[in-house]
Amino acid sequence: MPKGYGFLAKGIRYKTLHCRKLTHEAKKILYIVVDKKKQVGLRVPLSILHQVHAQAKQTLPTRRAATEKRDAADIGKAAAELHSQFPKIPEKDKEKVLKHGFKKHSGRVGRTSSIPLSRKVLLAVIAHVRHQHTTYDTLLSGGEDRDMARKKTRKQIETIMREWGFKEALNKPIHENITFTETALACPPTPSLHYKRLAMSNNQIKNIAIVGASGNIGSQIATALLAKGQFNITAISRAESKGTFPQGIKIAHIDYNNPDTIVKALKGQEVLIITMGVLAAPDTQTKLIRAAAEAGVPWVLPNEYGMYTSEEVQNELIGPGKAKDRQLIEELGVSSWIGVVCGFWYAHSLSGPGLYGFDIAKREAVFFDEGTEKLNTSTFPQVGRTVAALLSLPVSSQGSTEGGPTLSDYRNSRVYTSSFALNQLQFRRKNAMLKPGEQLKGGNRMAFGKVLYTRYFFPGDYAGLYEKIHGLDNEKLGLPQEDLDEATAEVEARGERLLETIRKTLRA
Ligand SMILES: NC(=O)c1ccc[n+]([C@@H]2O[C@H](COP(=O)([O-])OP(=O)(O)OC[C@H]3O[C@@H](n4cnc5c(N)ncnc54)[C@H](OP(=O)(O)O)[C@@H]3O)[C@@H](O)[C@H]2O)c1
């Protein structure tokens, strides 16, 4: 680091622009930090960096309000266009089209800037009708290829569009009216001819495979799935694994060096849940994804289970691996992915020394700036309940008049869950025995865990408070409100257990 300079990580546009501008105006050198050919941030004169951090904090409420106003205006325009093209669209469908097709950061048709609004609205409605009001998803689940499923549902879509007041001429069938790029945007990849998807017996998931059923989060998910009493659950586990599994789960041993063993274990499964230890080789998940496609598994929940605010910040912190794996799932064209976003795990992060800034063994707390920045956090059981509730949803809304959520609503997208939105001061109140230690200003990068946590405590732009950006699915999934005191009660015990394990390891 050049003397008198500080590091600004890539990710917050406001800070990057102002650091660049002020350094330029001061006629000082600005360093661009590159890692593996990708820009990861800037080195900026410290005085300017501090000024920009302070300015960003001060202007945050105004900037947030402006963004919200702009977003509301965009949605307002889309709503007006929707009403003009489809004056008789039912209110609940209107809401879904706007919420789903135009969801921020979703990558869906409503968010692209490459086609005009009238076209975006038309495509968003077609995609909505196809998935929500026709047999399309059921046909795909039954092994029908995509083109045939489209042909078979064309008339149903056109009929509904007319019922909703669409007046323009459809001189060609809908799918021929739309260019290739538009089709890709309106309808993300679905199974190709090369693979036959598993025929689901009905509109409900039954067979679930899980990697890591003996692990931290996997065991919670497996337990919650078992509690539903409606799934056949198979643990996919290495032959050499020493893991112990909840009772009632079938175990399939696999060898990551022999992909056939994975394909065999996944045959007949409708969902593959991957929870993988952080030390596993990076291509382990890739092998599972390829095997899932070969075995025709329609849904994959890849190894996520953490924070997600934007693709940019995720890549900046943990590299492009997760994004690449999601992309691979889409490219293989057989499975669809659903990412579980749960924030940092509450007990894990509060009891792991230094993560949320607390060291239970030393009875010490370290604050990130003033300790007032909030982030979303989830308990282990809540993550388990989220996955169990998600996989209990009907696969599609076909045949249902209730209009409730379906699994297909989350196709190639994320489910957002959270137990609490808290700042460090609130953690501290619940941990009265802890006393504040030194102040840690945003930049201590001694270890990966600290970098990761520190980044999400950065002030501004809801760094770790994803509920403000993406909303939460708790209510849709019927998740309970949790009690913070109860959740905290297990933290000290967990911290002491961790300490005891470390002591034992050192003694051995
Ligand atoms: N939000 C948070 O605060 C937070 C914290 C930590 C992790 N996470 C995320 O959650 C994911 C799961 O973490 P976890 O702590 O639940 O995992 P974990 O308990 O450490 O491990 C899960 C499973 O991974 C398998 N595994 C372990 N090492 C492996 C290796 N070298 N090769 C192949 N398989 C291996 C094991 O299954 P078998 O023995 O049955 O084969 C193990 O049961 C992480 O990857 C990370 O993305 C989130």
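Listed values, structure above:
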| item | result |
| --- | --- |
| Centroid-to-centroid separation of the range 319-341 and the range 30-56 [C-alpha atoms, Å] | 31 Å |
| Taking Ser397, Ser418 and counting other C-beta atoms within 10 Å, the order from fewest to most | Ser397, Ser418 |
| The range 5-62, relative contact order in percent, only Cα pairs under 8 angstrom and at least six apart counted | 42 percent |
| Likely footprinting exposure, Ser392, Ser118, fewest C-beta neighbours within 10 Å first | Ser118, Ser392 |
| Rg(Cα) / (2.2 N^0.38 Å) computed for the range 5-62, rounded to two decimals | 1.10 |
| Stretch gain in nm, segment Ile318-Phe7, where the contour uses 0.36 nm per residue and the Cα spacing is subtracted | 110.2 nm |
| Theoretical FRET efficiency, 1/(1+(r/R0)^6), r = Cβ-Cβ of Tyr14 and Thr284, R0 41 Å, to 0.05 | 0.60 |
| Relative exposure of Arg43, Arg385, judged by other C-beta atoms within 10 Å (fewest first) | Arg43, Arg385 |
| Peptides 160-166, 213-219 ordered by average Cβ neighbours within 10 Å, highest first | 213-219, 160-166 |
| Pairwise label distance in nanometres, Thr372 with Glu486, each label 7 Å out on the Cα-Cβ vector | 3.2 nm |
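Every number here is computed from the coordinates shown, using simple stated rules; none is lab data. Everything numeric here is computed off the predicted structure, so don't read it as measured data. Glycine gets a Cβ as well: all are built from the backbone with ideal geometry, and neighbour counts include every protein chain shown.
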